[in-house]
1. Determine one quarter of the surface area of the Cα convex hull of the range 149-194, which equals its mean projected area, and express it in nm² to one decimal.
2. Could you give the Stokes-Einstein D for the range 52-142 in µm² per second, using the C-alpha Kirkwood radius, 37 °C, 0.692 mPa s?
3. Treating the range 1-89 as a set of equal point scatterers at the Cα positions, no solvent, please give the Debye-formula log₁₀ I(q)/I(0) at q = 0.13, 0.14, 0.18 Å⁻¹.
4. So for the chain, taking the charge dipole from beta-carbon charges (+1 Lys/Arg, -1 Asp/Glu), which of H131, A91, T38 sits furthest toward the positive end?
5. To the nearest 20 Debye, how big is the dipole of the range 117-200 about its Cα centre, given +1 on the beta carbon of each Lys and Arg and -1 on that of each Asp and Glu?
6. Provide the gained length on full extension for the span C196 to E180, in nm with one decimal, where the gain is 0.36 nm per separating residue minus the Cα-Cα distance.
7. Give the cross-link partners of K60 among the aspartates and glutamates, using a straight C-alpha distance below 19 Å as the criterion and excluding same-chain residues fewer than 8 apart.
8. Can you list the chymotrypsin sites (Phe, Trp or Tyr not before Pro) in the range 138-200 that are in a DSSP coil and have 12 or fewer other beta carbons within 10 angstrom?
Amino acid sequence: MKETATPGLRLRTRRLVTEALADTALELFDASGFDQVTVADIARAASISPRSFFRYFGNKEDVVFGDRVPTAEEVRDELCRHLAGNTPWDALRDTFVVAAEQMDADAGRWKRATRVICRTPGLRARYLEKHLAWTGMLVPEIAARTEPGGAVARLKAQTMVNAALACFDVALENWAEDDEGRPLSVLVGEVFGFVCVPHT
């Protein structure tokens, strides 16, 4: 009797194939440029048909982003974990340090994806859209814990959140091009330390 794979095994197999295909594509994007590489190029390098590619990804952009970039809700929930007993700025720093630690655990793939995003205007724009979504979630949480309240608190919160995102991006871009092997989490903490934010 022919054995069939269990649902769990099928999901794990699909995940492995998806990751291998993404790695192949990211290597091509990193070496030749996102816009210069076609789906046919990726399929050929992965020894599959272009039609098979679309079983795993809707388009080339999905290869770069996939489910790697945290959702706005995930970032907000992480921030809320750090707000207790912390200043808003320290909570933002700790939130992005946690994100950096997760990226350090898969450094090779994240570095390639980051380089591709930074070098491709269309992907950069999509990444900035995610920043806007994060900002929309984070600002109310920071404003609610910022004096004196009202419009001034929201203005301070917007400033802090956008400064935190800028710090994270500076660390991320430098890490992606760094051959010395410094952890992203260390760079994030260092860059945040360059910014002096009064306690609110």
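The values are calculated or read from the model by the stated rules, or taken from the named source; none is laboratory data. Predicted, not measured: the structure shown is a model, and the values here were computed from it. No Cβ is skipped: glycine too gets one built from the backbone with ideal geometry, and neighbour counts run over all protein chains shown. Note: accessible area is taken over every heavy atom of the protein model, side chains too, but ligands, DNA and RNA are not part of it. Shrake-Rupley method; radii C 1.70, N 1.55, O 1.52, S 1.80 Å.
1. 3.3 nm²
2. On the way: Rh = 14.5 Å.
Answer, rounded: 227 µm²/s.
3. Values returned for q = 0.13, 0.14, 0.18 Å⁻¹ are -0.61, -0.66, -0.83.
4. T38
5. Charge dipole, the range 117-200, about its Cα centre: 440 debye, nearest 20.
6. 3.0 nm
7. E19, D23, E27, D30, D35, D41, E129
8. On the way: sites: F168, W175, F192, F194; in loops: F194.
Those satisfying the criteria are F194.
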